[in-house]
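Right, one structure below, let's go through it.
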Amino acid sequence: MSSLSRRQFIGAAGGAAAALGLAACGGSGSSTGAAGSASDGGFTKDPYTIATDTVFAPFEYTDDDGNFVGIDVDLLAAIAKDQGFNYDLQSLGFDAALSAVQSGQADGMIAGMSITDERKEIFDFSDPYYDSYVCAAAVDGSEYTDLDSLKGHKVAVKTGTQSAAWAESIKDEYQLELTYFDESSLMYQDTTTGNSVACFEDYPIMAYGITQGNGFKIIATDEENFSSPYGFAVLKGKVPELLAAFNAGLKSLKDSGEYDTIVKKYTEA
Ligand code: GLN
């Protein structure tokens, strides 16, 4: 169990997101001072604590200027502004974020989190906001070209994720030895140094990383069994007003075109 001390961002840090986060301040709990289509929300916390991953570009990561940015970061800022709630974004890591919500240390999480039936036993999810599936990737130019080529080797996976669940499901068939990491970046490092011959990751994340020159190639995917969209999550039955606000804000961002602007900002650079 991690404490919430790792990295903390009030509202949202960085660039446009900061402007949006700051603009959202002052509107909590009532519509007073909140701009746009903010409802009176019935918000019960000021601020809500929202957990996220550390490095999961283009959804959350620290840019070259040291600002914490990404699709999730901007979406949350824009939704909070639209709906008039305040939040404190905590960059904890994916598995730590899952724990933080379950233990009540965080009210919600936005972390490129796949909506799955298993998780629905524990969490309530927002409407989906981004489609995803899983992949395996090896160092570009290496002899590892498909799942068969991984037979009998070590591979790197990220604790608590859907891509790890995929690796676990094919582990026996391909005689994989799994090593678990808390951060995507550490998993990539283990692969580039050759300790693992491949790593398992969400496709949009690896595909983006490749466009950014991370030196990997995608060698396999599973769209059939491991396709699931991302959603914002709260603990089952808790803070329903926050979930409702997220959905209402997401809809309004989609209607206004701001959702597309945010996604394009991070995927078409
Ligand atoms: N989408 C994946 C999952 O929910 C991975 C999320 C992440 O690593 N931030 O399991």
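The values are calculated or read from the model by the stated rules, or taken from the named source; none is laboratory data. Note that the coordinates shown come from a computational prediction; the quantities given were computed from them, not determined experimentally. Because the Cβ atoms are built from the backbone with ideal geometry, glycine has one as well, and the counts that use them run over all protein chains shown. Keep in mind that these areas ignore ligands, DNA and RNA; they rest on the heavy atoms of the full protein, side chains included. Shrake-Rupley method; radii C 1.70, N 1.55, O 1.52, S 1.80 Å.
Under 8 Å between Cβ atoms, which residue pairs at least 6 apart in sequence (or on different chains) link something in region 92-118 that is over 15 Å from Thr54 (Cα atoms) with a partner that is within 14 Å of the ligand (Cβ to nearest atom) and assigned to a helix (DSSP H, G or I)?
From region 92-118, the pairs are Gln105/Ser99; Ala106/Ala97; Ala106/Ala100; Asp107/Val101; Gly108/Val101; Ser114/Gln162; Thr116/Gln162.
Could you count how many residues in region 61-96 are of a type in the set (Gly, Ala, Ser) and either touching a Cys at 6+ places or on another chain (Cβ under 8 Å) or within 23 Å of Pro240 (Cα to Cα) (or both)?
Here the count works out to 6.
Could you grab the pairs with beta carbons closer than 8 Å, sequence gap of 6+ or different chains, first residue in region 162-174 and under 15 Å from Cys135 (Cβ atoms) and free of Cβ contacts under 8 Å to residues at least 60 places away in the same chain, second one more than 10 Å from the ligand (Cβ to nearest atom) and in a loop (DSSP other than H, G, I, E, B)?
From residues that are under 15 Å from Cys135 (Cβ atoms) and free of Cβ contacts under 8 Å to residues at least 60 places away in the same chain, the pairs are Ala167/Leu176; Ser169/Asn225; Ile170/Leu147; Ile170/Leu176; Tyr174/Leu147; Tyr174/Lys151.
Of all residues in region 110-146, count the ones that are in a loop (DSSP other than H, G, I, E, B) and either at pLDDT below 95 or more than 18 Å from Asp190 (Cα to Cα) (or both).
17
Restricting the first residue to region 138-161 and requiring it to be of a type in the set (Asp, Glu), which pairs with a second residue that is open to solvent by less than 60 Å² (accessible area, probe 1.4 Å) and assigned to a loop (DSSP other than H, G, I, E, B) meet a Cβ separation below 8 Å and a spacing of at least six or different chains?
Partner pairs satisfying both residue conditions: Asp140/Gly215; Asp148/Tyr174.
Sort out which residues of region 64-89 are polar (S, T, N, Q) and either within 12 Å of the chain's Cα centre (by Cα) or crowded, with 24+ Cβ neighbours inside 10 Å (or both), and write them in order of number.
The answer is Gln83, and nothing else.
When the residues of region 93-105 are filtered to those that are part of a loop (DSSP other than H, G, I, E, B) and over 15 Å from the mean Cα position of the chain (by Cα), which remaining residue is farthest from the ligand (Cβ to nearest atom)? If you could, list the steps in order and put the result at the bottom.
First, pick out the residues of region 93-105 that are part of a loop (DSSP other than H, G, I, E, B): 93, 104-105.
From the residues that got through so far, the ones that are over 15 Å from the mean Cα position of the chain (by Cα) too are 104-105.
Working: Gly104: 20, Gln105: 18 Å.
Ranking the qualifying residues of region 93-105, first place goes to Gly104.
Can you pull out the residues in region 128-166 that are charged (D, E, K, R) and within 16 Å of the ligand (Cβ to nearest atom)?
Asp131, Lys158
Any residue at all in region 14-33 that is open to solvent by 10 Å² or more (accessible area, probe 1.4 Å), touching a Cys at 6+ places or on another chain (Cβ under 9 Å) and modelled with pLDDT of 95 or more?
no
Filter region 167-203 for residues that are open to solvent by less than 10 Å² (accessible area, probe 1.4 Å), in contact with a Phe, Trp or Tyr (Cβ under 7 Å, 6 or more places away or on another chain) and in a helix (DSSP H, G or I); which is nearest to the ligand (Cβ to nearest atom)?
That would be Ser184.
What residue, among those in region 95-136 that are hydrophobic (A, V, I, L, M, F, W, C) and open to solvent by 10 Å² or more (accessible area, probe 1.4 Å), is farthest from Ile218 (Cα to Cα)?
Looking at the filtered set, the residue picked out is Ile122.
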